[in-house]
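Colleague: Can you keep this structure in mind? I'll have questions shortly.
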Amino acid sequence: MAKDQDHIYMQYALQLAKKGIGKTHPNPMVGCVIVYQNRIIGQGWHHKAGTPHAEVNAINAVDNKKWLKKAALYVTLEPCCHFGKTPPCTALILKMGIPKVIVGSRDANPLVAGKGIELLRAQGCEVVEGVLETQCRLLNRAFFTFHEKKRPHIILKWAESADGFIAPKIEHRKKNQVYWLTGALAQQKAHQWRSQFAAILIGVQTLIDDDPLLTLRKWPGKTPQRCVIDPNHRAPTNASIFNEGGTVFYFTKTTNKQLQNTKQFLLPFKNPIQEVLQVLYQQNCISLLVEGGAKTLQSFIDQQMWDEIYKLKASKNLESGIAAPVIDISFEEQETLGEDIFYSATRNDSKAL
């Protein structure tokens, strides 16, 4: 019975944590509930990086702080034990005399990584670990990838026609205009995905062909850090992405002084994908959405440098054009979006994250 209750309360903490989707990176999404005599007396979640953590918000929500000395605190991720932008949560838990803490998963951040649990136990607090651990890790899979693999969590995304093309031939398109394969619902879904990522990346050919902004226009939220790979300075200086405000991460071989609003990273391009990922890791970008084009996407696939794939399958046929990336993997149907269908795939070694 106690185990069932632990699952129920942790499941609710997970639902609270999801309120932070797209808002907390580079921090994880965390939810917390406090239970006294089989009743929730406090709840909270992490709203945004730099603001109080879920445990602090939950404790502050408790009306009678005396109840805390006989309460149990459920939290989806191990309480932190170090000073960052906020004080350690372990210190507050111990100060309030909370006797029992139930943890979903350990924190992968080396600054914590079990130290918070050890500190609580050393001070006499009972700690139960691993309640709904798989679900807790799945929610923060980007956070775990970032700390455990030392790179961003990578999702490759593309839309393709019913007959397997991602775009018509250039001569069949209007210059500098995006050709929409999918309908309004799928386009909105793509912008929703953007809102959940730290960074978004395209190759220079997509920049030349589509002149994309890579911003959020069809979903509320914060535009991810926009990135362009352009080793040989092929990017047009009047491209919209460089002239619509905000700084673009520009990966190239030598400085391009003509481009405005860029932070330029000079790379040797011996292994461009690995080099870009290393820079993004150093820049604290925990997740990366790769949107194109076909050559860039295929490069990530060929190097097996991806964690998930989002594929939007349109109902229309193109008969010819730019072929979609090729990968031998099973896709699972996730959602119908008007006349389009959203499919996804996850690498086997990423499913445990």
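Colleague: Those residues that are surrounded by fewer than 18 Cβ atoms within 10 Å (Cβ to Cβ) and in contact with a helix residue (DSSP H, G or I) (Cβ under 9 Å, 6 or more places away or on another chain), I need them from the stretch 241-264; list them, please.
Modeller: Q260, N261
Colleague: Between residues in the stretch 180-193 that are under 17 Å from S161 (Cα atoms) and open to solvent by less than 20 Å² (accessible area, probe 1.4 Å) and residues that are of a type in the set (G, A, S) and not in a helix (DSSP H, G or I), which pairs lie under 6 Å by C-beta distance while being six or more apart or on different chains?
Modeller: L181/A159; L181/S161; L181/A314; T182/A159; T182/A314
Colleague: Let me ask another. Within the stretch 106-136, how many residues turn out to be buried (at least 19 other Cβ atoms within 10 Å of the Cβ) and in contact with a Leu (Cβ under 6 Å, 6 or more places away or on another chain)?
Modeller: Count: 1.
Colleague: I'm trying to understand the selection: among the residues of the stretch 93-110, which are touching an Asp or Glu at 6+ places or on another chain (Cβ under 8 Å) and closer than 12 Å to C125 by Cβ?
Modeller: Listed by number, the residues that qualify are I93, P99, K100, V101, I102, V103.
Colleague: Please find, within the stretch 307-342, the residue that is most open to solvent (accessible area, probe 1.4 Å) out of those that are part of a strand (DSSP E or B) and touching a Leu at 6+ places or on another chain (Cβ under 8 Å). Even if it seems obvious, please write down each step before you answer.
Modeller: Initial filter on the stretch 307-342 (part of a strand (DSSP E or B)): 308-313, 322-323, 332-337, 340-342.
Going one step further and asking which of them are touching a Leu at 6+ places or on another chain (Cβ under 8 Å), we end up with 308-310, 312, 337, 340-342.
On the way: E308: 17, I309: 0, Y310: 25, L312: 3, L337: 13, D340: 7, I341: 45, F342: 18 Å².
Looking at the filtered set, the residue picked out is I341.
Colleague: Can I ask one more? Would you please name the residue that is surrounded by the fewest Cβ atoms within 10 Å (Cβ to Cβ), looking only at residues in the stretch 59-70 that are in contact with a Gly (Cβ under 8 Å, 6 or more places away or on another chain) and hydrophobic (A, V, I, L, M, F, W, C)? Break it down stepwise before answering.
Modeller: If we filter the stretch 59-70 for residues that are in contact with a Gly (Cβ under 8 Å, 6 or more places away or on another chain), which is where we start, we get 59-62, 68-69.
Going one step further and asking which of them are hydrophobic (A, V, I, L, M, F, W, C), we end up with 59, 61-62, 68.
Details: I59: 25, A61: 15, V62: 19, L68: 21.
This residue is A61.
Colleague: Conditions: (1) open to solvent by 30 Å² or more (accessible area, probe 1.4 Å); (2) at pLDDT 95 or above; (3) closer than 30 Å to I21 by Cβ; (4) out of contact with any strand residue (DSSP E or B) (no Cβ under 6 Å at 6 or more places or on another chain). P220 meets all but one. Number of the miss?
Modeller: (2)
Colleague: What do you reckon, is L289 farther than 16 Å from P26 by Cα and at pLDDT 95 or above?
Modeller: On the way: farther than 16 Å from P26 by Cα: no; at pLDDT 95 or above: yes.
Taking the combined requirement at face value, the residue does not satisfy it.
Colleague: From Q304, Q274, grab the single residue that is surrounded by fewer than 16 Cβ atoms within 10 Å (Cβ to Cβ) and either at positive phi or of a type in the set (F, W, Y) (or both). Working first, answer last.
Modeller: Details: Q274 fails: either at positive phi or of a type in the set (F, W, Y) (or both).
So the residue among Q304, Q274 that is surrounded by fewer than 16 Cβ atoms within 10 Å (Cβ to Cβ) and either at positive phi or of a type in the set (F, W, Y) (or both) is Q304.
Colleague: Out of all the residues in the stretch 114-169, which are in contact with a Cys (Cβ under 6 Å, 6 or more places away or on another chain) and among the hydrophobic types (A, V, I, L, M, F, W, C)?
Modeller: Kept after step one, since they are in contact with a Cys (Cβ under 6 Å, 6 or more places away or on another chain), are these residues of the stretch 114-169: 115-116, 119, 152.
Residue satisfying the conditions is L119 alone.
Colleague: Specify the residue that is farthest from the chain's Cα centre (by Cα); the eligible residues are those in the stretch 194-209 that are touching a residue at least 40 places away in the same chain (Cβ under 8 Å) and over 20 Å from S287 (Cβ atoms). Outline the logic, then answer.
Modeller: Restricting attention to the stretch 194-209, the residues satisfying the condition of being touching a residue at least 40 places away in the same chain (Cβ under 8 Å) are 194-203, 205-206, 209.
Adding the requirement that they be over 20 Å from S287 (Cβ atoms) leaves 205, 209.
Details: Q205: 25, D209: 27 Å.
Among them, the one singled out is D209.
Colleague: Please work out which one of (1) buried (at least 18 other Cβ atoms within 10 Å of the Cβ); (2) hydrophobic (A, V, I, L, M, F, W, C); (3) over 19 Å from A13 (Cβ atoms) is the condition A91 fails and give its number.
Modeller: Against the list (1) buried (at least 18 other Cβ atoms within 10 Å of the Cβ); (2) hydrophobic (A, V, I, L, M, F, W, C); (3) over 19 Å from A13 (Cβ atoms), A91 comes up short only on (1).
Colleague: Scan the stretch 141-169 and report the pairs whose first residue is within 25 Å of A294 (Cβ to Cβ) and open to solvent by 30 Å² or more (accessible area, probe 1.4 Å) and whose second residue is aromatic (F, W, Y) and not in a helix (DSSP H, G or I), with Cβ atoms within less than 8 Å and a gap of 6+ or a chain change.
Modeller: Matching pairs, first to second residue: I166/W158.
Colleague: Please count how many residues of the stretch 28-58 are in contact with a strand residue (DSSP E or B) (Cβ under 6 Å, 6 or more places away or on another chain) and surrounded by 22 or more Cβ atoms within 10 Å (Cβ to Cβ). Explain how you work it out, then say what you get.
Modeller: So the first thing to find is which residues in the stretch 28-58 are in contact with a strand residue (DSSP E or B) (Cβ under 6 Å, 6 or more places away or on another chain), and the list is 28, 30-35, 40-45, 54-55, 57-58.
Then keep just the ones that are surrounded by 22 or more Cβ atoms within 10 Å (Cβ to Cβ); that gives 28, 30-35, 42, 44-45, 54-55, 58.
Count: 13.
Colleague: Another question, then. Can you say whether H25 is out of contact with any Pro (no Cβ under 8 Å at 6 or more places or on another chain) and surrounded by 17 or more Cβ atoms within 10 Å (Cβ to Cβ), as far as the supplied structure shows? Can you show your working first?
Modeller: Values: out of contact with any Pro (no Cβ under 8 Å at 6 or more places or on another chain): yes; surrounded by 17 or more Cβ atoms within 10 Å (Cβ to Cβ): yes.
When the stated conditions are applied, H25 passes them.
Colleague: Contact list please: Cβ distance under 6 Å, first residue in the stretch 254-277 and among the basic types (K, R), second residue open to solvent by 30 Å² or more (accessible area, probe 1.4 Å), pairs at least six apart or on different chains.
Modeller: Matching pairs, first to second residue: K263/T247.
Colleague: Return yes when I8 is open to solvent by less than 20 Å² (accessible area, probe 1.4 Å), modelled with pLDDT of 95 or more and more than 19 Å from P87 (Cα to Cα) and no when it is not.
Modeller: On the way: open to solvent by less than 20 Å² (accessible area, probe 1.4 Å): no; modelled with pLDDT of 95 or more: yes; more than 19 Å from P87 (Cα to Cα): yes.
No: the conditions fail for I8.
Colleague: Now, a different point. Is it the case that some residue within the stretch 96-105 is buried (at least 17 other Cβ atoms within 10 Å of the Cβ) and closer than 24 Å to R151 by Cα? Lay out the reasoning, then the answer.
Modeller: We begin by selecting, within the stretch 96-105, every residue buried (at least 17 other Cβ atoms within 10 Å of the Cβ); these are 96, 98, 101-105.
Filter once more, keeping what is closer than 24 Å to R151 by Cα: 104-105.
Checking the stretch 96-105: at least one residue is buried (at least 17 other Cβ atoms within 10 Å of the Cβ) and closer than 24 Å to R151 by Cα.
The values are calculated or read from the model by the stated rules, or taken from the named source; none is laboratory data. Treat the numbers as computed from the prediction; the structure is a model and nothing was measured. For neighbour counting, all protein chains shown are included, and Cβ atoms are generated from backbone atoms with ideal geometry for every residue, glycine included. To get the accessible areas, we keep the full protein, side chains included, count just its heavy atoms, and leave off ligands, DNA and RNA. Shrake-Rupley method; radii C 1.70, N 1.55, O 1.52, S 1.80 Å.
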